[in-house]
1. Pull up the range 109-131, narrow it to residues that are out of contact with any His (no Cβ under 8 Å at 6 or more places or on another chain) and open to solvent by 10 Å² or more (accessible area, probe 1.4 Å), then point me to the one that is nearest to the ligand (Cβ to nearest atom).
2. If the requirement is being in a helix (DSSP H, G or I) and among the basic types (Lys, Arg), which of these qualifies: Lys193, Lys166, Lys170?
3. So which residues in the range 218-241 are within 17 Å of Lys193 (Cα to Cα) and either away from the ligand (no atom under 12 Å from the Cβ) or in a loop (DSSP other than H, G, I, E, B) (or both), if there are any at all?
4. If we keep just the residues of the range 88-108 that are in a helix (DSSP H, G or I) and surrounded by fewer than 23 Cβ atoms within 10 Å (Cβ to Cβ), which is farthest from the ligand (Cβ to nearest atom)?
5. Cβ-Cβ distance below 6 Å, separation of 6 or more or different chains: which pairs start in the range 96-124 with a residue that is farther than 15 Å from Val229 by Cβ and end on one that is near the ligand (Cβ under 10 Å from one of its atoms) and part of a loop (DSSP other than H, G, I, E, B)?
6. Within the bounds of the range 257-265, is there any residue that is within 11 Å of the ligand (Cβ to nearest atom), closer than 19 Å to Val107 by Cα, among the aliphatic types (A, V, I, L, M) and assigned to a helix (DSSP H, G or I)?
7. Report yes if Ala85 is within 29 Å of Gln225 (Cβ to Cβ), over 14 Å from the mean Cα position of the chain (by Cα) and away from the ligand (no atom under 11 Å from the Cβ), otherwise no.
8. Sort out which residues of the range 230-255 are open to solvent by less than 50 Å² (accessible area, probe 1.4 Å) and over 16 Å from the mean Cα position of the chain (by Cα), and write them in order of number.
Amino acid sequence: MDMCSSSTTPPVFLEETVKIEDQVKSQENESIPKLQENVVHSHVTGECQDNRKDFNDEGSSSVPSPQKFLPINYSSYTKEYYSYAGKNIIIQESIESYGAVVWPGAVALCQYLEQHSEELKFQDATAIEIGAGPGLVSIVASLLGAHVTATDLPDVLGNLQYNILKNTHKSTVHQPEVRELVWGEDLELNFPKSSYYYDFILATDVVYHHYFLDKLLTTMIHLCQPGTVLLWANKFRFSTDYEFLEKFKQIFNTTLLAEFPESTVKIFKATLKWD
Ligand SMILES: C[S@@+](CC[C@H](N)C(=O)[O-])C[C@H]1O[C@@H](n2cnc3c(N)ncnc32)[C@H](O)[C@@H]1O
């Protein structure tokens, strides 16, 4: 399915009525999102346009040697083009890794963040993204003024760093950081509660068929402190996704912020239950 084809069913925002013309489309392949090259996903108009000329993609002298961050383990790359927070964003992807592709939850959360950044008080807030993949959400959060730490598995970090540098260099108040965070591993060692406080935890499409769901939950809990808000967007595909949600709700005060019926993406806001 074309990710950019116009939609007849608008997303349903539950906390308030907000109209968004564009919406996340469900993917042709349920396992891994389909790539689409050289297309701008306009969240405002819902239309797609070839916008290659508008991007100073190659040979930008203002970006410090981004090529050095390229991982050596992907044999081919494609690019996707987005527009959020008044800026064109280029995401370098590879279908060779789940972590090198933008998933539908990321697109949904970017829309939401853009439309609600003021009420969320994103300006100068601290945010950590877990399972950041190619980095679209971290980039948008950073463009909206947050101080962002984007994290993922080690083999994903090269492409993540590349995308983040390319899209935020000299465009953000706080330069985002990229760090390794393997769910459930060395959390207190690498992210001690006494040193790190996050206003927001961002997570998109981190729940799917994998063996680390308990470790994911442990990580979410570890990164929460009083006042921390977890924003989690996910495409719901499998019964195990709903099982995770039930477990999640036992641990977090959970509000459904938005849902996109066609794509089965839901966005949740959650705070840890402290008692
Ligand atoms: C489906 S992708 C989603 C990527 C991105 N958040 C998005 O929505 O476009 C899942 C992400 O979780 C990361 N991930 C999977 N298992 C992980 C683990 N055990 N620890 C840390 N990250 C993990 C993957 O590397 C990948 O980037």
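1. Per the criteria, the residue is Gly131.
2. Checking each option against the conditions leaves just Lys166.
3. Step one: filter the range 218-241 for residues within 17 Å of Lys193 (Cα to Cα), giving 218-230.
If the condition is that a residue be within 17 Å of Lys193 (Cα to Cα) and either away from the ligand (no atom under 12 Å from the Cβ) or in a loop (DSSP other than H, G, I, E, B) (or both), then Ile221, His222, Leu223, Cys224, Gln225, Pro226, Gly227, Thr228, Val229, Leu230 are the ones that fit.
4. Ranking the candidates gives Tyr98 first.
5. Gly99/Gly133; Ala100/Pro134; Val101/Pro33; Val102/Pro134; Trp103/Pro33; Trp103/Asp205; Gly105/Asp205
6. First, the residues of the range 257-265 that are within 11 Å of the ligand (Cβ to nearest atom): 265.
Right, trim to closer than 19 Å to Val107 by Cα and you get 265.
Next cut, among the aliphatic types (A, V, I, L, M) only: 265.
Going one step further and asking which of them are assigned to a helix (DSSP H, G or I), we end up with none.
Looking for residues that are within 11 Å of the ligand (Cβ to nearest atom), closer than 19 Å to Val107 by Cα, among the aliphatic types (A, V, I, L, M) and assigned to a helix (DSSP H, G or I), one finds none in the range 257-265, hence no.
7. Criteria met by Ala85.
8. Passing the criteria: Arg237, Thr240, Asp241, Phe244, Leu245, Phe248, Ile251, Phe252, Thr254.
The values are calculated or read from the model by the stated rules, or taken from the named source; none is laboratory data. Keep in mind it's a predicted model, so treat the numbers as computed, not measured. Using ideal geometry, Cβ is built from the backbone for each residue, glycine included, and neighbour counts are taken over all protein chains shown. With ligands, DNA and RNA removed, areas are computed over all heavy atoms of the protein, side chains included. Shrake-Rupley method; radii C 1.70, N 1.55, O 1.52, S 1.80 Å.
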